[in-house]
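Written below as structure tokens is the structure these notes are about.
No value in this document is a laboratory result; all are computed from the given coordinates. It should be emphasised that the depicted structure is a prediction, and the values quoted were computed from it without experimental measurement. Cβ atoms come from the backbone with ideal geometry, glycine included; neighbour counts cover every protein chain shown.
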Amino acid sequence: ALRALGIDRNSVAPPNSVIEKDSQGNPTGMLIAQPNATILYSAIARGPILGPDDQLNSSRHYMREMNRLGITSVIDAGGGGQNYPNDYQIIQKLHDENLMTVRVAYNLFTQNPGAEKADFERWIDIAQPGQGDDFYRLNGAGEMLVFSAADFEDFTEPRPDLMADMEGQLTEVITLLAENKWPFRLHATYDESIARFLDVFEQVNRDVPFEGMHWILDHAETISDRNIERVKALDGGIAIQHRMAYQGEYFLDRYGAAMTENTPPIKKILATDIPLAAGTDGTRVASYNPWNGLYWLVSGKTVGGTTIYPEEQRLDRMDALRLYTAAAGWFSNQEDNKGAIIPGQLADLAVLSEDYFSVPEERIKHLESVLTLVDGKPVYGSAEFSNFSPPPLPVSPNWSPVIHYGGYHNDSGIAHTSLAAPAVISPISTPKQSNFNLSSLNLAGSLSHVWGGLACACC
């Protein structure tokens, strides 16, 4: 792996990161973010690149895996190495050939440190938020708007201080986006960073009003009461992710129990009626499995079993589920047609392997779908619904770990099947839901576990 990445004893790590070396000066293979994760992301980007056919097949397998977990819709908050439009050809092809089984609302993430404004100027010239359809649509800008605003979330390391010139760079980009009514989202971990971001937003809003334009802070683990109110005053939203489910012990060690139990301050945000949704931050920072996130919100525990939230800071199961479903519609500008099982909304739903509302908390982590419908068509089926599942996909390339391990955990004892092209089956009722109501749903047998397909806010 080190040879493939071109790392040897003479390699120098980027700023705020470490290439660990042994006593002889040779790299051990350990790359450490302190706290800048660029060293990790660049290593991923320099790995072997699949050919177009394998990229397409891999993307379909990934959608099938999300369908298995009950996911029907995601918001892609962007990422390094995803340059529009060149790196979007595979997902565009899947869309054009009607092979998508997960709806995707995507954000454009700047790729060029120091030239971020130029990235967005170019994209504004060739694209428009909302372009596409309910399966594949451009959502806006972010979550990286300028690299100088990146406050990396490695809780084993001290909080990073942002660069002194961050405000000037961010002001240029936010002004450009506001002038063109481009919705945006911004990675924002710490309250100290958020305060500076909000200074910029308030200044720009005075000259170029944000009115009618959705904007979002992503993560917001340590946001203060004061800054929550500032977000509300600007009609912004907050998207949380279950990073504390994976880093909760590290945060606890560094900042103590009193601060940890209110990180992020979910109930305070809910009390203000600010748009709030939950996601996974998959796949680099955390797992794409939303059931780990629901377990975290409901139990107050990390995936390692450490209790980090007292009972009064935990959510009940319905409130937690809403954050992953109905609440997420606002974040893709689709609040009127996505996220709930009600007349007029998209016909997406999942029948779960067990009843989310009654299983022991520890079982929440192991829930999955036995029947997933997207646009009224079965895209995944197992157990008693295996006959509804489309035929399996081939696995490629031949070294793919999917050959040996299948999907995430796969320990529930359910008979699994794979995903191929969506089955040609008449939609249930119509492509939009016309006969279900979330508040009164009470169906018999295994269908008592029907819930709207999960719509993650940052996946």
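Points worth noting:
- Stretching the chain fully between Leu270 and Thr156 yields a gain of 38.2 nm (0.36 nm per residue, less the alpha carbon separation).
- Calculated FRET efficiency for the pair Gln89/Ala1, C-beta based, R₀ 30 Å, to 0.05: 0.65
- Only helices enter the 222 nm calculation for the chain: every DSSP H run of n ≥ 4 contributes -39,500 (n - 2.57), and dividing by all residues gives -8500 deg cm²/dmol, rounded to 500.
- Interchain or long-range residues, amide H under 5 Å from Leu69's placed H: Ser369
- Ranked by the mean number of other Cβ atoms within 10 Å of their residues, highest first, the peptides 94-103, 298-307 fall in the order 94-103, 298-307.
- Each peptide in 170-182, 23-35 gets a packing score, the mean of other Cβ atoms within 10 Å over its residues, and the list from highest to lowest is 170-182, 23-35.
- Stretchable slack from Gln82 to Asp22, in nm (0.36 nm times residue separation minus alpha-carbon distance): 18.2 nm
- Computed on region 2-45, with alpha-carbon pairs under 8 angstrom and 6+ residues apart, the relative contact order is 32 percent.
- Remark: relative contact order (the chain) = 16 percent; criterion is Cα-Cα distance under 8 angstrom and separation of 6 or more residues.
- An oblate overall shape is assigned to region 2-45, the ratio a/c of its alpha-carbon gyration tensor axes (a ≥ b ≥ c) being 1.5 or greater and a/b not exceeding b/c.
- Summed side-chain charge close to Tyr136 - residues other than Tyr136 whose Cβ falls under 12 Å, Lys, Arg +1, Asp, Glu -1: -2
- Here r is the Cβ-Cβ distance between Ser224 and Arg317 and R0 is 22 Å; the resulting FRET efficiency, rounded to 0.05, is 0.20.
- Where labels lie 7 Å past Cα in the beta-carbon direction, separation of Ile342 and Glu261 in nm: 3.5
- Averaging 1/r across all pairs of distinct Cα atoms in the chain and inverting the result yields a Kirkwood radius of 22.9 Å.
- Distance from the C-alpha centroid of region 274-322 to that of region 176-212: 27 Å, rounded to the whole angstrom.
- Nonlocal amide H pairs with Ile216, under 5 Å, H built at 1.01 Å: Phe184, Arg185, Leu186, Gly237
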